[in-house]
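Peer 1: Supplied in structure tokens, the structure appears directly below.
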Amino acid sequence: MTHPDRPTHTERPAPPSDELVLAAVERASHHQARDTPAAPVWTILEHLALPRRSAAARDVRERLGALRAAGLLECSRRHSVPTWALSDAGTAHLQVARRAGVLAALPESPQHRAWQNARTAAAQEIGRFRESARERLERAARLLEAEPPPRSDAWLELAEELQRACRRVASATYCLYEWAEPDDDRADVDAHTDPDDDALDADERARRRARRAGRRNVRLWDDGPAR
């Protein structure tokens, strides 16, 4: 009988099946924003939701070699790093497993998780970001009315704060309302485009695309000083 105050032994989760590893390689290849679809092992582990230093990750690394030996995977190198992709036989094997209904579902993909996390963060923060921008706009109005006029440094400091405040509102707005849910059949890369861009001339289109850089990067939302 197990004592209620003593920790029970938890069995280590079973490692992913060969078919699930192949599915992770396939999806990782689809999400590669590169000319080559081959993916490094750490990307494959992310698609399996496995920590890199776990026992299951070590098992997957060994499994990749075994699947290559079986002709189901191809291995190449990019900058001396091994990368993996399905062979034709591996693709066929995966299709058979899907038709037979024996292929378990992969965990949420890294790109879908990034989209979901950004939406959640934007919903939580957009009100605060709007209030921050409003406060700085009100400060600008007070500076415009001040007598004697403030020194130039006050305006330069406010300009940095206001730009940062507006960019945070813009980024949160994009993440919450404009970033479409990723399709796991392809890489979700921000091309800095918008459906209305075709109505713009080339120069204005280029300016807008340049301004959109970093709009998905929630790490730029921290409250540290503007740089």
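The values are calculated or read from the model by the stated rules, or taken from the named source; none is laboratory data. The structure presented is a predicted model; accordingly, all values stated were derived computationally and were not measured. All Cβ positions, glycine included, derive from the backbone under ideal geometry; neighbour counts span all protein chains shown.
Peer 1: Which one of Ser76, Ser109 is closer than 18 Å to Ala24 by Cα, exposed (fewer than 14 other Cβ atoms within 10 Å of the Cβ), in contact with a Pro (Cβ under 9 Å, 6 or more places away or on another chain) and not acidic (Asp, Glu)?
Peer 2: Ser76
Peer 1: Go through the range 151-191 and report how many residues are in a loop (DSSP other than H, G, I, E, B) and either within 15 Å of the chain's Cα centre (by Cα) or touching a residue at least 60 places away in the same chain (Cβ under 8 Å) (or both).
Peer 2: Residues that pass the stated criteria total 13.
Peer 1: Condition check: crowded, with 17+ Cβ neighbours inside 10 Å, assigned to a helix (DSSP H, G or I) and in contact with a strand residue (DSSP E or B) (Cβ under 7 Å, 6 or more places away or on another chain). Does Leu64 satisfy that?
Peer 2: yes
Peer 1: Considering only residues that are surrounded by 10 or more Cβ atoms within 10 Å (Cβ to Cβ) and acidic (Asp, Glu), look in the range 139-167 and name the one that is nearest to Glu125 (Cα to Cα).
Peer 2: Across the range 139-167, the extreme among qualifying residues is Glu161.
Peer 1: Then there is this: What number of residues in the range 97-145 are assigned to a loop (DSSP other than H, G, I, E, B) and among the aliphatic types (A, V, I, L, M)?
Peer 2: Of the residues in that region, 5 qualify.
Peer 1: Given (1) outside any helix (DSSP H, G or I); (2) under 29 Å from Arg34 (Cβ atoms), identify the lone condition not met by Pro148.
Peer 2: Tallying (1) outside any helix (DSSP H, G or I); (2) under 29 Å from Arg34 (Cβ atoms), Pro148 fails exactly one: (2).
Peer 1: Still on this model: Hey, among the residues in the range 182-194 that are under 25 Å from Arg130 (Cα atoms) and not polar (S, T, N, Q), which one's surrounded by the most Cβ atoms within 10 Å (Cβ to Cβ)?
Peer 2: Filtering the range 182-194 for residues that are under 25 Å from Arg130 (Cα atoms) and not polar (S, T, N, Q), the one surrounded by the most Cβ atoms within 10 Å (Cβ to Cβ) comes out as His192.
Peer 1: So, one more: What single numbered condition from (1) within 16 Å of Glu125 (Cα to Cα); (2) surrounded by 11 or more Cβ atoms within 10 Å (Cβ to Cβ) fails to hold for Arg209?
Peer 2: (1)
Peer 1: Now a separate question. Do the conditions hold for Ser17, that is, is it free of Cβ contacts under 8 Å to residues at least 24 places away in the same chain and among the hydroxyl-bearing types (Ser, Thr, Tyr)?
Peer 2: It is false that Ser17 is free of Cβ contacts under 8 Å to residues at least 24 places away in the same chain and among the hydroxyl-bearing types (Ser, Thr, Tyr).
Here is a yes/no grid of residues against (1) under 29 Å from Asp190 (Cα atoms); (2) of a type outside the set (A, V, I, L, M); (3) crowded, with 19+ Cβ neighbours inside 10 Å; (4) at pLDDT 95 or above:
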{"position": "Ile44", "(1), (2), (3), (4)": "yes, no, yes, yes"}
{"position": "Arg53", "(1), (2), (3), (4)": "no, yes, no, no"}
{"position": "Ala56", "(1), (2), (3), (4)": "no, no, no, no"}
{"position": "Ser80", "(1), (2), (3), (4)": "yes, yes, no, no"}
{"position": "Asp88", "(1), (2), (3), (4)": "no, yes, no, yes"}
{"position": "Leu94", "(1), (2), (3), (4)": "no, no, yes, yes"}
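Peer 1: Within the range 122-137, is there a residue that is surrounded by fewer than 16 Cβ atoms within 10 Å (Cβ to Cβ) and closer than 30 Å to Glu46 by Cα?
Peer 2: The answer is yes, given that some residue of the range 122-137 is surrounded by fewer than 16 Cβ atoms within 10 Å (Cβ to Cβ) and closer than 30 Å to Glu46 by Cα.
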